[in-house]
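Asker: Sharing a structure with you now.
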C-alpha cells in the first residue's frame with residue numbers, strides 16, 4: 001500500500017504544527033523521529049486519516065474520502081494512550097481487533113486469529129484476566145497483539161515500545177520487521193530510540209518544529225549532522241555488526 005504526503009500542512013487553531021511535508025512510502029518500516037512537540041504524533045494521526053486534510057493519499061486517493069469501514073480494513077492506528085474497558089478480558093480485547101472484519105459476529109477464523117496473536121505476544125496465560133489486573137507492560141503487549149489481529153496493510157504506531165521490557169522491545173521490533181517483509185506491510189513508527197531505528201527501520205523522517213529536516217533511506221537520512229540539527233546534540237556513529245550504532249560523546 002502506498003501512502004503519500006503532498007504538501008501536508010496542519011494547524012491547531014492558529015498554531016501551525018505541520019508545514020508543507022512531502023514524502024511517499026510503499027512498504028517497509030519508517031521511523032518518525034524528532035524532539036517532543038516536533039509534530040510526530042500529529043503527522044502519524046494525519047497519515048492514519050484521523051485529521052481532516054486532503055494532502056494524505058492512500059493509493060492516490062485522499063484518506064478522508066474513504067468510508068470508515070474501508071479505513072478500518074486498510075489501516076491500524078495505535079496511539080500513545082488507548083482507551084479501553086478495564087473490566088474486559090485480555091482475550092476479548094485482542095479479539096476486538098478483528099471487528100472491521102466481522103460479518104455479523106466473530107467467526108471461528110477470527111477466534112483462531114486472536115489466539116495466534118495471544119500466543120505470538122506470550123499472552124496465553126493472561127487471556128482471561130481483566131486488563132485492569134495486569135501490569136502496564138502486559139497491557140501494552142495486549143494493545144500490540146490487538147493491532148496485529150486487525151491485520152491491515154498500513155500500521156501506524158506511536159511510541160509502541162513504551163512500558164515494554166528489553167526482551168519484548170526486541171521481540172516486537174523483530175515481529176514488525178517480519179510483517180513488513182512477509183506481508184509487504186507499510187509501517188510508520190514513532191521512536192525516541194535512534195539505535196532502534198538504525199537496527200530495524202529501512203527509512204526515517206526527521207522532524208523539527210513541524211518541518212522535515214531529512215527523510216529517506218536510513219543510511220542517508222540519519223547522520224551525525226541531521227541528528228545535530230534535529231536534537232541539538234553532537235553524536236557519532238560507529239560500525240557494529242554490519243550496521244551502525246549512535247554513541248554520545250564522553251561526559
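Derivation of every value follows stated rules applied to the coordinates shown; laboratory data play no part. No experiment lies behind these values; they were computed from the predicted model shown. A quick note on method: Cβ atoms are made from the backbone with ideal geometry, for glycine too, and the neighbour counts reach across all protein chains shown.
Asker: Would you calculate the separation in nanometres between label points at residue 128 and residue 247, each defined as 7 Å from the Cα along the Cα-to-beta-carbon direction?
Answerer: 5.3 nm
Asker: If you take the beta carbon distance between residue 219 and residue 193 as r and set R0 to 25 Å, what does 1/(1 + (r/R0)^6) give as a FRET efficiency, to the nearest 0.05?
Answerer: 0.90
Asker: To test your reading of the geometry: what angle, between 0 and 90 degrees and rounded to tens, separates the Cα axis of helix 136-150 from the longest principal axis of the chain?
Answerer: Here the helix axis deviates by roughly 80 degrees.
Asker: Under the classification rounded if a/c is under 1.5, otherwise prolate if a/b is larger than b/c and oblate if not, where does the range 59-196 fall, given a ≥ b ≥ c as square roots of the Cα gyration tensor eigenvalues?
Answerer: The shape class here is oblate.
Asker: Here is a further query. What residues from the range 131-148 fall in the zone where the backbone N is under 12 Å from a label point 7 Å along the Cα-to-C-beta line of residue 92?
Answerer: Taking a point 7 Å out along Cα→Cβ of residue 92, the residues of the range 131-148 whose backbone N falls under 12 Å are 131-132.
Asker: I want to check the label-to-label distance for residue 24 and residue 105. Put each point 7 Å from Cα in the C-beta direction and report it in nm to one decimal.
Answerer: The answer from the label model is 4.6 nm.
Asker: While we're on this one: For Cα pairs less than 8 Å apart in space and 6+ apart in sequence, what is the mean separation divided by the residue count of the chain, i.e. the relative contact order in percent?
Answerer: 25 percent
Asker: Still on this structure, please answer the following. First measure r as the distance between the Cβ atoms of residue 67 and residue 167, then evaluate 1/(1 + (r/R0)^6) with R0 = 51 Å and state the FRET efficiency to the nearest 0.05. List each step's numbers first, then the result.
Answerer: Values: r = 40 Å, r/R0 = 0.78.
That gives a FRET efficiency of 0.80.
Asker: Okay, next question. Among (i) 52, 43, 34; (ii) 63, 44, 29; (iii) 59, 37, 31, which one is Cα extents along the principal axes in Å computed from these coordinates?
Answerer: Read-out taken from this structure: (i).
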